[in-house]
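The block underneath contains the structure these notes are about, expressed in structure tokens.
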Amino acid sequence: MLIEFAHFALILALVMAALQCVLPLVGAWKGWRGYMEAAAPAATSQFLLLSFAFAVLTWAFVTSDFSLRLVTLNSHTAKPMIYKIAGVWGNHEGSMLLWCLILALYAALAAWFGGNLRETTRARVLGVQGAISVAFVSFLVFTSNPFERLAVPPMNGEDLNPLLQDPGLAFHPPFLYLGYVGLSMAFSFAVAALIEGRVDAAWGRWVRPWTLAAWLFLTIGIALGSWWAYYELGWGGFWFWDPVENASFMPWLIAAALLHSAIVVEKREALKAWTILLAILAFGFSLIGAFIVRSGVLTSVHAFATDPERGVYLLAITGVFTGGALTLYAARAGGMQAKGVFGLASRETALVANNVLLAVSCFVVFVGTVWPLIAEMAFDRKLSVGAPFFNAAFTPFMVALAALLPIGAVMPWKRARPGRVVGELWGALVLSIALGAFVWVMQTGGSILAPVGAVLAAWLVLGTIADLRLRAGRGDLSSRVMRLVRLPRADWGKAVAHAGFGVTIFGIAALTAWQVEDIRVAQEGETFTVGPYDLTLQGVRQLDGPNYVTTLGTIDITRNGRAVATLEPEKRFYPVAQMPTTEAAIDNGVLRDLYVVIGDPQDNGGWAVRTYIKPFANWIWAGAIIMALGGVLSLSDRRHRVAAGAAKAPRRAVPAE
């Protein structure tokens, strides 16, 4: 009976979403305050109903209720509890319920904490958010019902995809969805502004925290997915340019551009039309990502569904919202005149260049992702666009972006003196180039990638320090320290995020340039050398896990006769799913990872062993963590919680009759 109540809650949530959509938009158009005020209770009710439905589905997975088709297809009684819970969103229907729940959560937060918004703006934002909820909850109800019953429940389930039975993947989707769906708030603010025909500094301040939260969650989600691919898939890479990886990366790039552009709107009331366009595109790419994952048009290990009906529905949602918003933009954007005037050498110009680089790099990723589909449809040719294309086409834009960031950070608004900017950054530039030269000499030739990565990383970190030193001003040490302490958290967040970007760049460059790889067949008891390390395959055992059987190797690693680590790589087989997985064994370090994978047995009695030495691998994810920390610092800035100039006009008292 609880399952039927949850299904009914979904239907009621769809009704609440429709009310949240229609009533406030009509109220804002007609000036009817009662209609506008109905948005908040409708948003709250929708969130509570979807929370109940999600809680019931989670309980069904935890208790292994195999009368539910979804639980039968994605769970098993022998599965560890954490993966039973992760199974709730480890499938198409459950993940869409999570998507709808997060969508309702953002609307409810806007309703609860949007008191400083203009009454009509708040109503229109919640109305647009309600329209998005109508589309996705109806998609859930009519094509992807998670509460479908089985007439004859089986004794056990078919298990979750073994690749998803991992802590990294257990938390990866929720963070991604918080990012994907969070961009819907920027979209709703953009459409509300187009309807009102008003974009000002207050609007820029309202939209920034929502975009920042979405960017923060996307950063964490992408980093978790990259980390999972590194240690779980057994191929040793951290990024494959897979279509679904790209689907999360494209909104991240546009969200980063939107963050920087919204600053210009807030500070200078310039780039209004461009910022509105970025807000539309950011959520548009999120919708494109949902279509790629769930339509089956592009093949990926991450894909959830291949149902054409669902693909058409999602394509229609993408077309209606993105196309409708762009049509409204074409009609209204011309009236959004910029007030701020700025010179060629100014922070505004640097932020414009930043936006262009991020937008074009996103376009490059988009073209590379969809080109195989276009080639097949238009020319009947099957093509594959892989890492060589993306690395060659995407990398130059990131290099230019890294070179620009410290310059833009120290430039003043409106007009800058190039000589003064050069003077502030001269020391950072010299030290960065010196570090790059040192790396080039130390590596005794080879790829230029590592020295360039070292220069860019040092430039970003030292440029950030130069920016903070400039903000500290002149005077004695104690007064300068106090000025730094009193800096707004958003400024500290920007500095930390830029430094984290530099750390990630160096990690990627060093890993790509200096990685050592060894693939061989090793006999038990055999010792072989990889780089400066000696590895001995001590033995291979067969063991039983909770819901799998595993082939586990034991490899001792020494360096110059001194023990370094004992690693136990695994090759697991899940009998229920009839699927193998590779579990790499990694000796993590600050300066390098030792990465070992055990393969299949060979005819001569040996075992396939793949070994990597990965310099500075963990710097990639350390940089992502630092960037996310910068986002948290910025988001905690009080100025993001109190919109400037957003106080509602006082209501006139109505005399008692």
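Quick note: the coordinates plus some simple rules give every number you see, no bench work behind them. Computed from a predicted model, the values in this text were never measured in an experiment. A quick note on method: Cβ atoms are made from the backbone with ideal geometry, for glycine too, and the neighbour counts reach across all protein chains shown.
Taking label positions 7 Å along the Cα-Cβ direction at both ASP603 and GLU309, the computed distance is 5.0 nm, reported to one decimal. Separation of segment 523-546 and segment 432-484, taken as the distance between their Cα centroids, equals 42 angstrom. Simple rule: put +1 on each Lys or Arg Cβ and -1 on each Asp or Glu Cβ in the chain, find the dipole, and look at TYR83, ASN618, PRO162; the Cα lying farthest toward the positive end is ASN618.
Relative protection proxy for 264-275, 478-489, 598-609, from highest mean packing down: 264-275, 598-609, 478-489 (other beta-carbon atoms within 10 angstrom).
Packing around the peptides 535-548, 135-148, taken as the average count of other Cβ atoms within 10 Å per residue, puts them in this order, highest first: 135-148, 535-548. Charges were assigned to the Cβ only: +1 to each Lys and Arg, -1 to each Asp and Glu. The resulting dipole of segment 1-165 about its Cα centre is roughly 500 debye. For the chain, the Cα gyration tensor yields ellipsoid semi-axes of 43, 37, 21 Å (square root of five times each eigenvalue, largest first, whole Å). When the alpha carbon gyration tensor of segment 516-617 is reduced to an equivalent ellipsoid, the three semi-axes, largest first, read 24, 16, 12 Å.
Placing +1 on the Cβ of every Lys and Arg and -1 on the Cβ of every Asp and Glu, with nothing else charged, gives the chain a dipole about its Cα centre of roughly 3580 debye. Assuming R0 = 25 Å, can you tell me the calculated FRET efficiency for the pair GLU37 and ARG198, based on Cβ-Cβ distance, to the nearest 0.05? The formula returns an efficiency of 0.75 here.
Residues ASP159, ASP242, ranked from the fewest to the most other C-beta atoms within 10 Å, line up as ASP242, ASP159.
With both labels modelled 7 Å from their Cα along Cα-to-Cβ, the VAL549 to VAL26 distance reads 6.5 nm. Every Cα-Cα pair of segment 349-404 was included, and the share exceeding 15 Å stands at 54 percent.
Normalising the average separation of contacting C-alpha pairs (under 8 angstrom, six or more residues apart) by the number of residues puts the relative contact order of segment 1-165 at 36 percent. Here segment 426-519 is assigned +1 on the Cβ of each Lys and Arg and -1 on the Cβ of each Asp and Glu. Its dipole about the Cα centre then comes out at about 720 debye. Its residue count N sets the reference 2.2 N^0.38 Å, and the alpha-carbon radius of gyration of segment 1-165 equals 1.17 times that reference.
Over 31 Å between Cα atoms: which of LYS571/LYS614; LYS414/LYS494; LYS494/LYS571; LYS84/LYS614; LYS272/LYS494 fall into that group? With Cα atoms farther than 31 Å apart: LYS494/LYS571; LYS84/LYS614. Taking amide H as placed 1.01 Å from N in the peptide plane, TYR533 has no amide H partner under 5 Å among residues 5 or more places away or on another chain. Put simply, when 255-263, 404-412 are sorted by average Cβ atoms within 10 angstrom per residue, most first, you get 255-263, 404-412. As a length-normalised measure over Cα pairs under 8 Å and 6 or more apart, the relative contact order of the chain settles at 12 percent. Projecting the Cα atoms of PHE438, GLN578, PRO153 onto the charge dipole of the chain (Cβ charges, centred on the Cα centre) puts PHE438 farthest toward the positive pole.
Among HIS92, GLY114, GLN20, whose Cα projects farthest towards the positive end of the dipole of segment 1-165, with charges put on the beta-carbon of Lys, Arg (+1) and Asp, Glu (-1)? The residue sitting farthest along the positive end of the dipole is GLY114.
Distance between the pseudo-spin-label points of PHE8 and TRP371 (7 Å out from Cα toward the beta carbon): 5.5 nm. Here the extension length gained between LEU328 and LEU431 equals 32.1 nm, from 0.36 nm per residue of separation less the Cα-Cα distance. Across segment 114-201, the relative contact order, built from alpha-carbon pairs under 8 Å that are at least six residues apart, equals 61 percent.
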